[in-house]
1. If I fit a long axis through the Cα atoms of helix 114-129 and take the longest principal axis of the Cα atoms of the chain, what angle between them do I get, 0 to 90°, rounded to 10?
2. With axes computed from alpha carbons, what is the tilt in degrees of helix 339-351 against the longest principal axis of the chain, rounded to the nearest 10 within 0 to 90?
3. Quick one: accessible area per residue over the range 189-233, 1.4 Å probe, rounded to a whole number of Å²?
4. Quickly rank 448-458, 242-252, 393-403 as a protection proxy: mean count of other C-beta atoms within 10 Å, highest first.
5. Among DSSP bridges having both ends in the chain, what percentage is antiparallel? Round to the nearest 5.
6. Any chance you could give the angle, 0 to 90 degrees and rounded to 10, that helix 314-324 forms with the longest Cα principal axis of the chain?
7. Ignoring any ligand, DNA or RNA, what whole percent of the accessible area of the chain comes from carbon and sulfur when the probe is 1.4 angstrom?
8. May I ask you to give the solvent-accessible area per residue for the range 277-466, in square angstrom, as obtained with a 1.4 angstrom probe?
Amino acid sequence: MSKPFNLLFAVSEAHPLIKTGGLADVAYSLTAALKPHVHEVRMVLPAYRAALAHAGHLEPIATLHVAGSDAPVRILEGEVPGSGVKVWLVDAPFYFDRDGGPYSDPHGHDWPDNAARFAVFARAIVEIACGRTGLGWRPDVVHCNDWQTGLVPALLALESARPAIVFTLHNLAYQGLFDADVFQTLALPAALWAPEALEFHGRVSFLKGGLIFADRLTTVSPTYAKEIQTPEFGYGLEGLLAHRARHLTGILNGADYGVWNPAHDPLIAAHYGPDTLHLKAANKDVLQRQLGLPQISDAPLLGLIGRLVEQKGIDLLLSVLPALLQHPLQIALLGSGEKHIEQALLDAAKHHPQRIAVHIGYNEALAHRIEAGADMFLMPSRFEPCGLNQLYSLRYGTVPIVRRTGGLADSVMDASATHLKAGTATGFVFDDATPAALLHTLERALALFRKPAQWRTIAACGMRQDFSWNKNASAYLALYREAQATPAA
Ligand code: ADP
């Protein structure tokens, strides 16, 4: 038995404290899965106004002095509601106690001082990581996530004694890139202004701090780990990622079946499982009623939930809508994001009120009801590091239709003739990010939907897949041990 160790999990969002996407779900469920296997785990998160409101009881336990914050920064200790994982909120009110999102203001614009905000967060994490809180606690491993924690590995590299560092890349599209003068205003050590450190084509990249200085890198699916080493997905960082390939692993995210399980989901009308799939129909009925769609039980209902950004390929859906609506189907869509995509979807719903229901906004309960009520779930993503909604859809018997990229490729088995015959098909997968490829695959799905016995076999096979954290949390544990035993440099 190797010795138990302390883990500090540094992240910029976590369900149910604050969430913009899958990262928050991962932070919640991965730390919950790891908790029994490490000596002590602490999550560290900025004390956003929303997080303060959702955290329950908090106790100030330490005061830190960090560069970039005139006022002392407090550490507030609490527990993540639901998982009981201990959380330390970095309380720098000037930077975090605001209305709006974790990264953007209430109008959706990035906070202009994001670099300063996450530099202060990183510096507080470094103090904790080096045991300089006066609390007598220090981690053996720091697990950082995405650019918001990218300065942590870079700053820790300059310390004489530091914990092992694992850095997970959840989405390479978000890099924390700022103009060169920001580097000066943050008073970062001069040694970090170099192409082999934070400099990226004359700008400062927070993400590079993680990519270069962490002992081990992970991303959230095996396919995405390969994709980001190519120019198509690498945003100019593919060379660096290929250089670090020996220390880069793809570990698929898990789904939290405590929250996402149609057998006991409190947010849905009727509970069901793979052997009682016929009970799912009641959820469709309720969803159609709630969304104002005609109650036609045999019209296939296509669901889509997500951030409405270019990545998600909504434009492909918009292009095929006229042809798709030749079929007697309905569409239920929930999301928010770029205004022009929101508007295009609202326009489509306005023109086809009997066929398309669009809900703009963030709505956890409706997300569960769409997963339970829809027959099919669409994810035509141009890239998808892992994707969680297809994992939830599989569990809800809501057959996913996805593009073969990233975690979608690693979790959905296409209903090809071979897989149908073998009984292993769980969804529909298409290759090219083109309207023609999407339409062809949608029509394939619609044709099979007309064969209820075959359709039920596919849905039930999806429901029986196990994408829980059990297996993949072990992969992280193994990596934490490896990072301690053999640091990168
Ligand atoms: P990403 O991390 O790129 O946003 P994922 O599929 O990994 O995509 O995770 C998205 C998560 O956010 C899922 O839990 C999904 O249900 C949720 N989600 C996204 N948009 C909304 C919304 N408008 N309302 C409710 N939940 C949403």
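The values are calculated or read from the model by the stated rules, or taken from the named source; none is laboratory data. Worth saying up front: this structure is predicted, and the values here are computed from it rather than measured. For neighbour counting, all protein chains shown are included, and Cβ atoms are generated from backbone atoms with ideal geometry for every residue, glycine included. To get the accessible areas, we keep the full protein, side chains included, count just its heavy atoms, and leave off ligands, DNA and RNA. Shrake-Rupley method; radii C 1.70, N 1.55, O 1.52, S 1.80 Å.
1. 60 degrees
2. Taking the Cα atoms of the chain, the angle to 339-351 is about 20 degrees.
3. 37 Å²
4. The densest-packed peptide leads the list: 393-403, 242-252, 448-458.
5. Working: 17 of 66 bridges.
The answer is about 25 percent antiparallel.
6. Here the helix axis deviates by roughly 0 degrees.
7. After summing per-atom areas, the C and S share lands at 55 percent.
8. 39 Å²
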